[in-house]
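The values are calculated or read from the model by the stated rules, or taken from the named source; none is laboratory data. Predicted model only: the values in this text are computed from it and were never measured. All Cβ positions, glycine included, derive from the backbone under ideal geometry; neighbour counts span all protein chains shown. These area figures cover heavy atoms from the full protein model, side chains too; ligands, DNA and RNA do not enter into them. Shrake-Rupley method; radii C 1.70, N 1.55, O 1.52, S 1.80 Å.
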Amino acid sequence: MSIRLLSIFCIALIWNGFSRAATAQTPTQPLSFPIGQVKGAAPAAQVTVEKVVPMRKKRSFLHPAATVAQVAVGIAVRFEQPNAAALAEIPETVRSLVKFSAKSKHLLIKRLAIFAPGDPVPRLMVDEAHVGSKGEWVFKRALFSDRRGASDCRLVWDKTGEAKFTFSKGSPLDFSNLLADKPL
């Protein structure tokens, strides 16, 4: 009985060390890169990322190799030209600049701020953003500068290529309207 108890104790110690090593944070240097750059033209926006860390995920005995997600924290997108299609480059660029583990398949964005051209204050602040498979962005706890906040909204592109914010309640908002010049 005591050998069995000792073996369970050893397995628990090894498992605890394994799970801590697997979820240790590895902060990276702040990143800065342009997006929406067409040959010979200026980029549509400049992006800065505070850090990219692996998501702390509890592992269970039945799922020891659960998929690991990376979290990009503190992303600021400063547009020079309103081009919503440039946003699709952010996850791919972050993945290429940061060495993701082979198990990491997802990128979660926390604290996203979108600035209009020349504005010192963001027009949109989002607590959490997920990028969908079709390029659809799902925002949680979004705060717009000129309308009520939304607990959840989506940024979707229609058949013509125009980007719109859709809400569970209320009318949609064009992305170009979000970044349009505001009268003082």
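Figures for the structure shown
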{"read-out": "Estimated distance in nm for a label pair at residue 38 and residue 141, the labels positioned 7 Å out from Cα along Cα-to-Cβ", "value": "3.8 nm"}
{"read-out": "Accessible surface of region 139-184 [probe 1.4 Å, protein heavy atoms]: carbon and sulfur percent", "value": "51 percent"}
{"read-out": "Contour minus Cα-Cα distance for residue 148 and residue 169 (0.36 nm per residue)", "value": "6.4 nm"}
{"read-out": "Violating pairs (Cα-Cα greater than 28 angstrom) within the set 39/140; 51/140; 110/169; 39/164; 39/159", "value": "39/140"}
{"read-out": "Estimated inter-spin distance, residue 95 and residue 162, nm [label 7 Å along Cα→Cβ]", "value": "3.0 nm"}
